[in-house]
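Some notes on the structure that comes next.
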Amino acid sequence: MMKFERYEWVAITIMISLFIFVGFIQGWSVSLVILNMCIISAIMTMGVNISWGYAGVINFGVMGFLATGGLAAVIVSYPPITESWQAGGRGLGISFAFLVVLVIAVMYINKTVIQKRNRYILNSLIIFFGILIIRHFYLNATHNIEDVNPAIAGFLGGLGLPIIFSWIVGGLFAAGVAFVIGKVALGLRSDYLAIVTLGISEIVVSVLKHEEWLSRGVKNVIGLKRPVPYEIDLQNADWFINLITYLNSSKLNNIIDVSDRQQVLSNLIIDGSGIFVKLSYAILFLIVMLIIFYFANKAQLSPWGRMMRAIRDNETAANAMGKDVVKQHLIIFVIGAAIVGVAGAMLVTLDGLFTPSGYRPLRFTFIIWIMVIVGGSGNNLGAIFGGFVIWFSWIEAAPLTTFIINQLTLGLEPTNALKVHLLDSVPYFRYLFMGLILLLILRYRPKGIIPERVRHS
């Protein structure tokens with residue numbers, strides 16, 4: 001069983017206290033919204049931490065793996081659109097079948113044809129004519145699919161399964177993409193690898209934006225089914241009404257007027273339904289985070305984990321000892337990407353929609369890396385804490401800045417140019433906050449708030 005150090009307990013206590021404070025000041029609904037995004041961010045940071053903190057593999061493709069996980073949520077949970085399948089399903093199947101045949105043919109020629117010149121000629125002919133055939137069937141199929149009621153459809157839909165299954169599928173999708181990338185790019189030096197993964201993540205998002213038959217592109221997929229109850233259903237459920245009445249009985253009994261009491265009860269039910277839904281999400285997300293945390297720590301303390309740290313610290317020595325560094329880098333890269341994919345599916349589940357245009361490098365790559373750096377690379381608890389600290393700061397920077405500006409300009413008129421300018425600039429102060437936090441951590445705590453702690457079992 002993992003034992004926390006005193007300073008780790010202090011960090012956890014401070015974080016919990018901040019959420020309780022926000023709950024009392026801004027409302028429990030706001031606090032739970034922040035908490036849910038903090039948990040998802042923490043899962044993202046664990047994925048990055050596993051690849052970078054364990055083995056030193058730089059993954060700047062976080063955004064692409066998140067988007068892949070988000071796509072899994074659509075494919076798993078959205079009902080299949082029969083008209084779209086009838087319009088273009090057969091054509092897509094033929095095009096993908098030809099693609100498989102093309103790949104097999106090229107592999108066969110590379111294996112059997114000895115003369116390099118003949119091999120090049122045959123491969124060129126097969127690829128040229130293969131692409132023409134694939135393009136013909138693919139374009140016709142996708143155009144037909146996208147023409148099917150484009151206002152509300154225009155894509156194939158999914159399997160119509162409970163969206164919670166997409167959390168596993170999202171991890172598998174992201175792992176598959178990472179495997180392909182890793183086989184091509186993991187032989188590169190770390191800085192080149194960072195550039196390649198960042199570029200490929202942009203390609204993934206661009207594909208999702210423009211291939212409408214797959215995910216509706218910029219039209220977005222809305223109305224994804226929840227794994228938790230809907231607020232309106234709770235508000236009409238007798239058990240929930242009775243629960244809210246029981247929890248607020250003392251407050252309601254003090255209201256003499258029947259109509260006033262009913263109005264207060266109605267407001268409490270509405271507020272309570274929102275809190276219940278957000279709390280349900282938080283419990284589900286927390287379970288997933290703790291499961292990943294448990295197994296990540298088990299892996300870190302295992303002989304495999306010690307081997308990964310040895311590779312991270314000295315690749316040359318690890319190679320000399322007979323370790324296949326590239327293979328181990330591929331394994332850790334795939335595992336880290338899979339965890340990020342799980343977080344991507346969870347994020348779409350929370351939002352209830354899939355918006356490919358919403359994936360931006362700042363939010364879904366660079367801020368995630370700031371979380372890992374601030375929390376402490378190589379320490380899973382540090383990665384989680386960094387996710388909580390940075391996302392909490394990102395959200396609360398605006399209200400905190402607004403409060404400070406109002407206090408500093410208390411003597412000025414509301415229409416004062418300086419006051420108006422400062423208040424209009426509030427959204428940009430969060431970037432100042434992020435930069436300040438990062439600089440302070442790098443200066444005074446370069447290994448992170450909760451740095452790596454090497455344990456031996």
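Derivation of every value follows stated rules applied to the coordinates shown; laboratory data play no part. Please read all numbers here as calculations on a predicted model, not as lab measurements. All Cβ positions, glycine included, derive from the backbone under ideal geometry; neighbour counts span all protein chains shown.
For the reader, a short list of remarks on this structure follows.
- Cα centroid of segment 23-98 to Cα centroid of segment 380-428, whole Å: 29 Å
- Positive dipole terminus of segment 1-116, leading residue within Ala87, Leu66, Val100 (C-beta point charges): Val100
- Relative contact order [Cα under 8 Å, 6+ residues apart], the chain, whole percent: 30 percent
- Whether the chain is rounded, prolate or oblate, judged on the alpha carbon gyration tensor where a/c under 1.5 counts as rounded: oblate
- Listed residue (Thr197, Val221, Ala317) projecting farthest to the positive dipole end of the chain, Cβ model: Ala317
- Model label sites at Leu442 and Glu5, defined 7 Å from Cα along the beta-carbon direction, differ in position by 2.3 nm.
- Estimated from helices alone, the mean residue ellipticity of the chain at 222 nm is -25500 deg cm²/dmol (sum of -39500 (n - 2.57) over DSSP H runs with n ≥ 4, per residue).
- Zero-based 5 Å bins, Cα pair distances in segment 81-156, whole percents: 3, 17, 21, 15, 12, 10, 8, 7, 5, 2, 1
- For Thr142, the shell of other residues with beta-carbons less than 11 Å away shows a net charge of -3, using +1 for Lys and Arg and -1 for Asp and Glu.
- Simple rule: put +1 on each Lys or Arg Cβ and -1 on each Asp or Glu Cβ in the chain, find the dipole, and look at Gly160, Ile16, Val334; the Cα lying farthest toward the positive end is Val334.
- Straight-line cross-link partners of Lys447 among the lysines, defined as a Cα under 21 Å from its Cα and at least 8 positions apart when in the same chain: Lys3.
- Applying a length cut-off of 24 Å (Cα extent along the axis) and a mean Kyte-Doolittle floor of -1.0 to the DSSP H helices of the chain leaves 6-26, 28-55, 82-112, 116-146, 166-185, 190-210, 258-301, 325-351, 380-408, 426-444.
- Within straight-line cross-link reach of Lys225, aspartates and glutamates at Cα separation under 14 Å, skipping those fewer than 8 residues along the same chain: Asp233, Asp351
- Counting every other Cβ atom within 10 Å of each residue's Cβ, Trp369, Trp167 order from fewest to most as Trp369, Trp167.
- Placing +1 on each Lys and Arg Cβ and -1 on each Asp and Glu Cβ, with no other charges, gives the chain a dipole about its Cα centre of roughly 1840 debye.
- Extension gain (nm, one decimal) between Ile12 and Ala194, 0.36 nm per residue minus Cα-Cα: 62.3 nm
- For Lys183, the lysines whose Cα falls under 26 Å of its own Cα, not counting residues fewer than eight places away in the same chain, are Lys111, Lys116, Lys209, Lys323, Lys327.
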